[in-house]
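What follows is a short report on a single structure.
Read the figures in this text as sums done on the coordinates, not as results from a lab. Values in this document were obtained by computation on a predicted structure and should not be read as measured data. Counting neighbours? That spans all protein chains shown, and the Cβs are built from the backbone with ideal geometry, glycine included.
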Amino acid sequence: MLTPQYDVIVWKHCFPVSNLLADRGTPDIRSVEKRMENYVLQYEALKAKMRAFPRTRFVVWTGAAQLESTTTDRNARRARAFFDWVRESWDEPGDNIYLWDFYALETEGGLYLKPEYGSGPANPHPASDFAQRVSPLFGQRLVDVIEGRGDVANITGEPGTAVYARSSWGQLKAGVVEVLSRFLTH
């Protein structure tokens, strides 16, 4: 078991997590099918398990985006919907679980991995230049979590207050966090 050995544990998916199929209306926690309805159940179970180890902090690396050439519009939209759900609903302040929003860094608010961030026209693995640019942000995110700023620091590791998502609900929550942060620091 890792939790007695480590204060911080990071887990991530490989980029195929974003190859989501349409839901069928029959969610199954044990299913290997990549469907949001299954992922939701699996993530809720993972959250319960991680919360059972309150002395360990967990950093969940959001799933990666695909290049437009390596996915379909529908899959990309389903992936974004799932990652929005992870940020906006699944992640809750005040617990021992934190996000690093790799998806936001890869897409910069778009639907796909930016072509210049991929390793090639049909290779959605991060290019070296992109990896070198974002790896310090990952390090900063870990420092923020370790130093107790996990719920108020930007979840991309970039300077600024918490940013939960690019949707209007996420922007509203980010605005509330920013106002509270300013109020509490003055």
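Report, for the chain, the % of DSSP beta bridges that are antiparallel, rounded to 5. Intermediate results must be reported in sequence, preceding the final value.
On the way: 3 of 13 bridges.
Bridges in the chain are about 25 percent antiparallel.
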If you build a Gaussian network model of the chain, linking Cα atoms that sit under 10 Å apart, which residue out of GLY150, GLY63, GLY160 swings the most? GLY160
For VAL10, what residues show an amide H to amide H distance below 5 Å, using hydrogens built from the backbone and excluding near sequence neighbours? VAL59
Rounded to whole Hz, the Karplus (6.51, -1.76, 1.60) HN-Hα couplings of segment 83-91, x for glycine and proline: 5, 4, 4, 4, 6, 8, 10, 5, 6
Give me a comma-separated list of calculated 3J(HN,Hα) values for segment 42-55, in order, Karplus coefficients 6.51, -1.76, 1.60 applied at θ = phi - 60°, integers in Hz, x for any Gly or Pro. 5, 5, 5, 5, 4, 4, 4, 5, 5, 5, 6, 10, x, 7
Distance between Cα centroids, segment 84-141 to segment 1-70: provide it in whole Å. 15 Å
In sequence order, what are the phi-derived ³J(HN,Hα) couplings for segment 107-118 according to the Karplus relation 6.51 cos²θ - 1.76 cosθ + 1.60 with θ = phi - 60°, rounded to whole Hz, with x for glycine and proline? 9, 6, x, x, 9, 10, 4, 4, x, 6, 8, x
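By per-residue mean of other Cβ atoms within 10 Å, what is the highest-first order of 25-33, 71-79? Let's see the in-between values first.
Working: 25-33: 11.2, 71-79: 17.3.
Those peptides, ordered most packed to least, come out 71-79, 25-33.
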Name the residues whose placed amide hydrogens come within less than 5 Å of the amide hydrogen of LYS34, ignoring near sequence neighbours (fewer than 5 apart) on the same chain. LEU21
Selected from LEU21, LEU99, LEU46 as most flexible by GNM, with the chain as the system and alpha-carbon contacts under 10 Å: LEU46
Using 0.36 nm per residue, how much length does the chain from GLU116 to SER89 gain when fully extended, once their Cα-Cα distance is taken away? 6.7 nm
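Would you mind counting up the charge near ALA52? Only other residues with Cβ under 14 Å from its Cβ, with Lys and Arg at +1 and Asp and Glu at -1. Intermediate values should be presented prior to the final figure.
Details: positive: LYS47, LYS49, ARG51, ARG55, ARG57; negative: GLU44, ASP95.
Its environment carries a net charge of +3.
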Please compute, for the alpha-carbon atoms of the chain, the extent along each of the three principal axes and give them in descending order in Å. 47, 36, 35
Going by amide H atoms built from the backbone, whose H comes under 5 Å of the H on ILE97, apart from near neighbours? PHE58
Normalised by the number of residues in the chain, what is the relative contact order in percent for Cα pairs under 8 Å and 6+ residues apart? 19 percent
